[in-house]
Amino acid sequence: MRYSLGIDTSNYTTSWALYDGETVRQLKRPLPVKAGELGLRQSDALFHHTVALPAMLDEFVRGQRITAVGVSSRPRDVEGSYMPCFLAGVSAAQAIAAALDIPLHQTSHQQGHLAAALYSAGRLDLLDGEFLAWHVSGGTTELLHVRPGLQATCIGGTADLNAGQLVDRVGAQLGLAFPAGPALDQLAQRGEPQRVRASVSGMQMHLSGVENQCKKMTDSPENIARFCLATVADAMIKITRAAGDLPLICAGGVCCSQVLRASFMAAFAHAHFAAPEFSADNAAGVAILAGEGMTC
């Protein structure tokens, strides 16, 4: 079997993926974050990736026939987008491609998210199509207008906090470990439905006020968690309604939330959510783009 190999070294996960033209296999290792902290410094993330990559290479890739390598080299496909943690993946990908004398395809972390979501939703046909996509994570909260070749333009998003930052801060307030998304969502699913009114101006949401509201709430942890995620969903729904009627793809770690998904799916029958393993940080989309011979 021949594979395209994908590598993604985000700020919190070291990821490898193999794609044979139909099926994706993945191997992920979360980076260690000390208890009580809300993230990693870039220097620490780069160090942990550098340590993890060789062992994962030997475990996952040895013996496989690799015909192309893909790697995420930057957060987004815009001028000035840069994070040092991606250098670890780029160095590994360049060495593998040179050693095997095979093509190297560099893409952005965001384009990798989009391709993985399309794969998970069974819509790889949209690699050559036009659609809307939410990319919602700790570092990004953007509604994208995507054209053929995954050429993405941000048309909406957040004016202050990213949705993932809000989730982690509210999670810390409730005593949850970082990253707080899965645990906060489990709490929220046990909470009562909340009446929310997200602050949205034009195509921009304002989430910093939600953090303050959650701090002032004297309700149960379940209801506070539900209020947090329901407000994010409400903001996304309002902005999406103003964006037009195109196929809609939702990706990024925050989009793993079952509370958010239920609200969104009730509002948009044409929305597609990636499965959690293809929603959170991953190298699957990078491997797919390499297999398709795409550089984004």
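Scan segment 1-34 residue by residue and report those that are open to solvent by 80 Å² or more (accessible area, probe 1.4 Å) and assigned to a strand (DSSP E or B).
Passing the criteria: ARG2, ARG25, ARG29, PRO30.
How do the helices (runs of 4 or more DSSP H) wholly within segment 255-296 filter down when requiring 1 or more residues that are free of Cβ contacts under 8 Å to residues at least 12 places away in the same chain: which remain?
In segment 255-296, the matching helices (runs of 4 or more DSSP H) lie at 258-267.
Looking at CYS214, CYS228, which one is in a helix (DSSP H, G or I), over 22 Å from the mean Cα position of the chain (by Cα) and either touching a residue at least 24 places away in the same chain (Cβ under 8 Å) or crowded, with 17+ Cβ neighbours inside 10 Å (or both)?
That would be CYS214, the only listed residue that is in a helix (DSSP H, G or I), over 22 Å from the mean Cα position of the chain (by Cα) and either touching a residue at least 24 places away in the same chain (Cβ under 8 Å) or crowded, with 17+ Cβ neighbours inside 10 Å (or both).
Quickly run through segment 35-70 and pick out the residues that are in contact (Cβ under 8 Å) with a residue 60 or more places away in the chain and either of a type in the set (Val, Ile, Thr) or not in a loop (DSSP other than H, G, I, E, B) (or both).
ARG65, ILE66, THR67, ALA68, VAL69, GLY70
Among the residues of segment 170-182, write down those that are without any contact (Cβ under 8 Å) to a residue 40 or more places away in the chain and either within 18 Å of the chain's Cα centre (by Cα) or under 22 Å from ILE237 (Cβ atoms) (or both).
ALA180
Scan segment 259-270 for residues that are under 13 Å from ALA233 (Cα atoms) and either open to solvent by less than 20 Å² (accessible area, probe 1.4 Å) or small (Gly, Ala, Ser) (or both) and jot them down.
Passing the criteria: VAL259, LEU260, ALA262, SER263, PHE264, ALA266, ALA267, PHE268.
To keep it simple, each residue is scored yes or no on (1) in contact with a Cys (Cβ under 9 Å, 6 or more places away or on another chain); (2) among the polar types (S, T, N, Q); (3) free of Cβ contacts under 8 Å to residues at least 60 places away in the same chain.
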| position | (1), (2), (3) |
| --- | --- |
| HIS135 | yes, no, no |
| ARG147 | no, no, yes |
| ILE155 | no, no, no |
| LEU161 | no, no, yes |
| ASP168 | no, no, no |
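Yes or no: segment 170-180 includes at least one residue that is touching a Cys at 6+ places or on another chain (Cβ under 9 Å), open to solvent by less than 30 Å² (accessible area, probe 1.4 Å) and more than 24 Å from GLY244 (Cβ to Cβ).
For segment 170-180, residues touching a Cys at 6+ places or on another chain (Cβ under 9 Å), open to solvent by less than 30 Å² (accessible area, probe 1.4 Å) and more than 24 Å from GLY244 (Cβ to Cβ): present.
Within segment 1-50, how many residues turn out to be modelled with pLDDT of 95 or more, under 18 Å from the mean Cα position of the chain (by Cα) and among the aromatic types (Phe, Trp, Tyr)?
Within segment 1-50, residues that are modelled with pLDDT of 95 or more, under 18 Å from the mean Cα position of the chain (by Cα) and among the aromatic types (Phe, Trp, Tyr) number 1.
With the requirement that a residue be touching a strand residue (DSSP E or B) at 6+ places or on another chain (Cβ under 7 Å), open to solvent by 40 Å² or more (accessible area, probe 1.4 Å) and farther than 17 Å from TYR82 by Cβ, what does segment 102-152 give you?
Residues satisfying the conditions are PRO103, LEU104, TYR119, ARG123, GLU130.
Whether any residue in segment 183-206 is charged (D, E, K, R), in contact (Cβ under 8 Å) with a residue 60 or more places away in the chain and open to solvent by less than 60 Å² (accessible area, probe 1.4 Å) is what I want to check.
Checked segment 183-206: at least one residue is charged (D, E, K, R), in contact (Cβ under 8 Å) with a residue 60 or more places away in the chain and open to solvent by less than 60 Å² (accessible area, probe 1.4 Å).
The values are calculated or read from the model by the stated rules, or taken from the named source; none is laboratory data. All values reported here derive from a predicted model rather than from experimental measurement. Glycine also receives a Cβ, built like all others from the backbone with ideal geometry; neighbour counts cover every protein chain displayed. The protein model used for the area step is the full one, side chains on, heavy atoms only, and it has no ligands, DNA or RNA in it. Shrake-Rupley method; radii C 1.70, N 1.55, O 1.52, S 1.80 Å.
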